[in-house]
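Contents: one structure, followed by commentary.
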Amino acid sequence: MSDLRELYQELILDHHKRPRNCHALADADCDLEGYNPLCGDKLHLYVKMDGDKVADIGFEGSGCAISVASASLMTEAVKGRTVEQAQNLINNFRDMITGNSSADPSTLGKTAVLAGVREFPTRVKCATLAWHTLRAALDGQHEPVSTE
Ligand code: ZN
């Protein structure tokens, strides 16, 4: 188990140091800001749609390692997915991070490395910020998202 933990830790640190899709999209169809006042994590999410597919996604932000790594892993996981698939992923991720037993980890891919966050209740909002913001963006919301 400790090996697995180390591996998870490494992947999270890697996504924190070199976040994927960490840039604005000039031609985004929607963009939305998210904020986690509990920790001070800030995120600006950009989504480019192609029909009902997430053609491209990017983010800019500043925050703790968990929030940046989660945003990075989230963008990798949803790029190329349909809105419905992305929403399923958001639901499964939320279930996993809140310890809901109905979570299906097999659908979560690499984002499952964040499962350990559920043992640290004060960090859960860091991990879910990007996902909350994505859900709101897909719902067509324009008001900035706050995890509080
Ligand atoms: Zn945080």
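A few notes on this one:
- Within the stretch 46-64, the residues that satisfy the criterion of being within 16 Å of the ligand (Cβ to nearest atom), touching an Asp or Glu at 6+ places or on another chain (Cβ under 8 Å) and part of a strand (DSSP E or B) are G61, S62.
- Only residues that are within 16 Å of the ligand (Cβ to nearest atom) and outside any helix (DSSP H, G or I) were counted across the stretch 65-87, and they come to 0.
- Considering only residues in the stretch 111-130 that are in contact (Cβ under 8 Å) with a residue 60 or more places away in the chain and crowded, with 24+ Cβ neighbours inside 10 Å, the one that is nearest to the ligand (Cβ to nearest atom) turns out to be C126.
- Listed conditions (1) over 20 Å from E33 (Cα atoms); (2) surrounded by fewer than 22 Cβ atoms within 10 Å (Cβ to Cβ); (3) away from the ligand (no atom under 13 Å from the Cβ) are all met by I90, apart from (1).
- Residues in the stretch 15-45 that are part of a helix (DSSP H, G or I) and either touching a residue at least 24 places away in the same chain (Cβ under 8 Å) or under 17 Å from V78 (Cβ atoms) (or both): H15, H16.
- Considering (1) buried (at least 20 other Cβ atoms within 10 Å of the Cβ); (2) within 16 Å of the ligand (Cβ to nearest atom), the lone condition that C39 does not fulfil carries the number (1).
- Between G63, G51, G40, the distinction of being over 15 Å from the mean Cα position of the chain (by Cα), under 24 Å from L13 (Cα atoms) and small (G, A, S) belongs to G40 only.
Readers should treat all values here as calculations from the given coordinates under stated rules, not as data from a laboratory. In this text the structure is predicted, and so the values were computed from the model without any measurement. Positions of Cβ are generated from backbone atoms using ideal geometry, with glycine treated the same way; all protein chains shown enter the neighbour counts.
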